[in-house]
1. Obtain the nm distance between the two label points defined at B:Lys141 and A:Arg402 by a simple spin-label model: each point lies 7 Å from its Cα along the Cα-to-C-beta direction.
2. Under 20 Å between alpha carbons, and skipping anything fewer than 8 positions from A:Lys125 in its own chain: which aspartates and glutamates qualify?
3. Given R₀ = 45 Å, FRET efficiency for A:Phe338-B:Ala293 by Cβ-Cβ distance, to 0.05?
4. Per 20 Å bin, what is the whole-percent P(r) computed from every C-alpha pair distance within the protein assembly as shown?
5. How large, in Å, is the stretch A:209-390 by the Kirkwood hydrodynamic radius built from its alpha-carbon pairs?
6. Quick one: what are the phi-derived ³J(HN,Hα) couplings along the stretch B:115-123, Karplus 6.51/-1.76/1.60 with θ = phi - 60°, whole Hz, x for glycine and proline?
7. Just need the relative contact order of the stretch B:199-346 here, percent rounded to a whole number, with Cα pairs under 8 Å and 6+ apart.
8. When only C-alpha pairs under 8 Å and at least 6 residues apart count, what is the relative contact order of chain A, in percent?
Amino acid sequence: MSKSVVNDFTLNIATPNGTGSQTSNTIIFRALYHMGIAAAAKNLFPSNIQGLPTWFSIRVSAGGWQARAEQCEILLTLNPATWNQDIANHPRGGVIVDNTDYKIPESRFEGYVRYSVPFESLALKHLRDAKLRPKLKNLIYVGVVAQLFGIEEESVQATIRAMFANKQELFDVNWEACKIGIDYAKENLKKQDPYRFARANQTAGKILIDGNDACGLGAVYGGCTAFTWYPITPASSLGEAVIEFFRKYRTEKDGTRNYAVVQAEDELAAIGMVLGAGWAGARAATSTSGPGISLMGENFGYGYYAEIPAVVFDVQRVGPSTGLPTRTQQSDLLLVAFHSHGDTSFPMLIPANAAECFEFAWRAFDVADRYQTPVVVMSDLDLGMNTWVSEPLVYPDRPFDRGKILTPEKLAQLEKWGRYKDVDGDGIPYRSIAGRTQDSRFSYFTRGSGHDENAVYSESDQVYARNLDRLARKIRGTVQVLPEPVLAGKGNAEVGIIAFGSTDHAVREALAANETAADYLRLRAYPFHDSVGEFIAGHDRVVVIEQNQQGQMAQLLRMALPEHAPKIESITYYGGLPLSAAFVARALNGTLAKV
Amino acid sequence: MSESATAQKTNRVGLTKEDYGGAPSTMCKGCGHDRISEAVIQAAFHLGVESHRIVKMSGIGCSSKTPAYFLGRTFGLNATHGRMPSFATGSYVANSALMPLGVSGDGDTASIGIGQFVHLVRRNPKMVYIVENNGVYGLTKGQFSATADRESPSKRGALPSEGPIDLCSLALDLGCSFVARSFSGDKKQLVPLIEAAFSHNGLAFLDVISPCVTFNNHDESTKSYTYHKDHEVHYHDVTFVPHFEHIDVEYEPGSVQTVPLHDGSKLHLKKLDAAYDPTDFQRAAHALRETRANRQILTGLIYINKGTPTFAETLKLPATPLASLDEKTLRPSREALDKFNAAHRV
């Protein structure tokens, strides 16, 4: 056996979807966290409830990197439908844990370290309860992995306890099933590979959370009271998180709910309800993905033109059309930036990690209220649905900003109030809210058709153009409150890298390993802060790395900063898997090699 | 009573009828929709509706423009085509103390917006929903709508290639708690029905046949003034008595049914057909089918169910509107977040 490899390898577990393997995979990942190891978990699942193949990869690295690894060192091939391909793709010299009962030809294991376990037979022999057996048999591989690669029993036990809410009975059956694997491995498998997990100190203070939960909690902390949504992968768990946190944090002792959740008939209705609630003065939001965003188009334009606050969470997946619903991409940027017909522009907040999901979620409500417009939080499937080892969520550092809501006092100050009058020169008008006062001077008629400063119907070319210009100026002003970009590096390198969102993990990892000195600017919002133009101006070459085919962020940058357009280069990956550092390094070397 | 005398009269909240008016109408002269606007004004004046307690909601189309022509002191929202129900629902959950007064058309409700209409009915918010139904797309100059009858030709003589949707039957089937139909030219029936709709604690749906004088009022049209006069079937005459009035309505015993509404007001139905009971779902469904088979238009209060919970009740909304809750109530504490973080470290 060669020199041992500690905490620097990837374990890939292939199972059929819907067989309970998710629980087992989660136990392994969380037990590693318990050992102080910041593993990266990527669940590659099909658009299916039961039967189709799913792969769960658990990567451990010295840096605690959270990006996907392209290859694995250890393969658990536990799906009769995929073992053939799984083994074919597995690099020689690697480790395979297989199910003896599948009777895979011996020849297929040549050049690998093989651990064969009769999972079915063990389950039949030791798990006597036929009803529980299907649920528990996957725990056997947890035990095998723990024993073979050194996950401490104490950590597995603590994880099972936590996952089953400290219920002794549930702990007992799960641990017993796990023990079957541990005992089998102890007695029958001789360690022949170099890989092992060891206690580390990568998780101090950090939490385990997925982006959708973090967004959901952020919405509650942001004061959202009306949440209207239509289920769609990968955004459904965001809606479910909001419901869970509403129940937990917003229910009075007498059962009164300080919230409303409406599961709408479709995304057209979901955004309509958000706008109706926002118009009536509540903080309202919806969650969706690309197809839903497409359906919301007309009402996005309505919100823009009628100036109604709204928060939309877009957990991006692979398009076009139904696309790959369970794969990740950053391909809704151009759609959202100019959504709906006519001249529009929508602010986007782009979180890169779970802590930012929480922060940008509550901040989005302030931006929407202050600028009276729909605002979109751009998450993605990788960020939203995978569990991450994240910095803890930070309590909001400022109170709600409800923006320019007209009060009787303010009305008295204003010589002549008009709903769309630019009193302060920032393009933001004062808005009155129905039901807040009996004074009929407050009331006005909101419409998506042409209107003047007093919200009166108008088809005047001058009134229309003036209004549109004010709107553009208003949206440009959002840069003052949107998250600023984050710079890594001294700022004086020859090459400047630009990336954003969940690909940050792969980009940072690639840059850390790469000898090419490059500065890295991570965008966190659109429209772009002035510092983005300065960053591009300060570098000879600028490469934008993103997960879509068309280089959408690069296009947005070229449009916003035409003077820099020629020097903006693009690296794109759009296969639907979370970005890997290896891809970034290869692509970057390739791009920079070109003159 | 002369016009000026009417204008000076004030109601219980100190407003004149003119106070319930709006901008001058831009409908065609003689349009049924203007009659409906007048009926809304009269009903609101009679009831003493407080302008700040309702919000006008509409979609797109001729009908949806009319909220600009009544209740000018009231907030209004002219939404996108067919999407008024979702905007109204949003406003309602944000502030259920504000009653949406929805105005829509047959295109807005029966075609592009039928999905939202259907689900609005399922939710039963306290809301008035008036469809100004002329069987035709007026603003785009005369195309058929989904309520156009098969035998009703367009102005140019073409017949619809698809069958009609009867919105009252649809609403009834979906469990709508108040289903009524009337005719824009029948103020005597329409005004009390609108008043009753305002007092109903749930979704009050009113299908108002409203001839389009420009595109759908020729003799062959089934939504014309003449067709309606010839084919209308009243099962009762309607009188509405608000809870604050003490007017004795004289009806012969045995021929009057009184429907008390949740706010104490009363709807008296003078029966023309003694067997008709608007609280009987089966009877209502049968009456709609029977009259349609006879090429008749059933008008009046077709069905009412006061037992259906409102959406606010179902959602357990607080007494204080969601829109008025403060940061202290809405933002969980720092300690709660500390606990959350701690719970995510295992």
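Rule-based calculations on the coordinates, nothing more; no lab input. Only a predicted model underlies this, so the values are computations on that prediction, with no experimental measurement involved. Because the Cβ atoms are built from the backbone with ideal geometry, glycine has one as well, and the counts that use them run over all protein chains shown.
1. So the two model labels end up 4.9 nm from each other.
2. Partners found: A:Asp98, A:Asp101, A:Asp172, A:Glu176, A:Asp183, A:Glu187.
3. On the way: r = 52 Å, r/R0 = 1.17.
Calculated transfer efficiency: 0.30.
4. The calculated distribution, bin by bin, is 13, 38, 30, 16, 3, 0.
5. Numbers: mean 1/r = 0.0640 Å⁻¹.
So the Kirkwood estimate lands at 15.6 Å.
6. Each residue's phi maps through the Karplus curve to give x, 5, 4, 4, 6, 5, 4, 4, 7 Hz.
7. Details: 144 pairs, mean separation 33.3, N = 148.
Reported as a whole number, the value is 22 percent.
8. 12
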